[in-house]
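**Student:** The following block contains the structure, expressed as C-alpha cells.
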Amino acid sequence: MDVSQLENYIFIAIALIAVATGMKFGGNMLGNLIFRQKRGKALRSAFTLAAPRGEFSIVIVKVGVDIGAVSAFLFPLVGIISIVTAFLSPFLIKASDKVVPALERDDDV
C-alpha cells in the first residue's frame, strides 16, 4: 500500500466516509421506522450501525489490484476509509447516549 498517494485522495476519502455513514444511518433508521420500532430503539440502532467498516473490502481491493482489475489508487483509499470508520464507531455509539434521550418522545418508553 503506497500511503504517499493518500494526500491526493484525502478529500475523496472524507466525502466517501460522510456519504457511507449518512446512508447507513438513514437506511437503518428508515428500516426501523418502517417496521414500527420505537424511536429511541431506532435511533440507538442507527447510531450503533452507522459507521461502515470495510475490512473485507481491503481484501477484495487488494485482489483486484493484484490481478489488474482495478486501479492501484483504490487500495490506500479503501484502507483509510476502513481505518477511519473503525475508529468512528465508538464515538457514534457514545454520541447516541446523549442524542437518543433528547429525541425520544414521552410515549416512546
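Bear in mind that the values in this text are calculations on the coordinates, not laboratory data. All values derive from a computational prediction rather than experimental measurement. Neighbour counts run over all protein chains shown; Cβ positions are idealised from the backbone, glycine included.
**Student:** Can you name the residue in the range 56-97 that is of a type in the set (Val, Ile, Thr) and touching a residue at least 60 places away in the same chain (Cβ under 8 Å) and, of all such residues, is nearest to Gly40 (Cα to Cα)?
**Tutor:** If we filter the range 56-97 for residues that are of a type in the set (Val, Ile, Thr), which is where we start, we get 58-61, 63, 65, 67, 70, 78, 80-81, 83-85, 93.
Still in the running and touching a residue at least 60 places away in the same chain (Cβ under 8 Å): 80-81, 84-85.
On the way: Ile80: 32, Ile81: 28, Val84: 26, Thr85: 23 Å.
Applying the filter and picking the extreme gives Thr85.
**Student:** Quick check, is Asn8 buried (at least 16 other Cβ atoms within 10 Å of the Cβ) and of a type outside the set (A, V, I, L, M)? Explain how you work it out, then say what you get.
**Tutor:** Numbers: buried (at least 16 other Cβ atoms within 10 Å of the Cβ): no; of a type outside the set (A, V, I, L, M): yes.
No: the conditions fail for Asn8.
**Student:** Among the candidates Gly27, Gly54, Gly79, single out the residue that is of a type outside the set (Lys, Arg) and surrounded by fewer than 15 Cβ atoms within 10 Å (Cβ to Cβ). Reasoning before the result, please.
**Tutor:** Details: Gly54 fails: surrounded by fewer than 15 Cβ atoms within 10 Å (Cβ to Cβ); Gly79 fails: surrounded by fewer than 15 Cβ atoms within 10 Å (Cβ to Cβ).
Result of the check over Gly27, Gly54, Gly79: Gly27.
**Student:** I've got another one for you. From Val63, Val19, Val99, Val70, which residue is crowded, with 16+ Cβ neighbours inside 10 Å and among the β-branched types (Val, Ile, Thr)? Before you say what the answer is, go through the steps one by one.
**Tutor:** Values: Val63 fails: crowded, with 16+ Cβ neighbours inside 10 Å; Val19 fails: crowded, with 16+ Cβ neighbours inside 10 Å; Val99 fails: crowded, with 16+ Cβ neighbours inside 10 Å.
Of Val63, Val19, Val99, Val70, the one residue that is crowded, with 16+ Cβ neighbours inside 10 Å and among the β-branched types (Val, Ile, Thr) is Val70.
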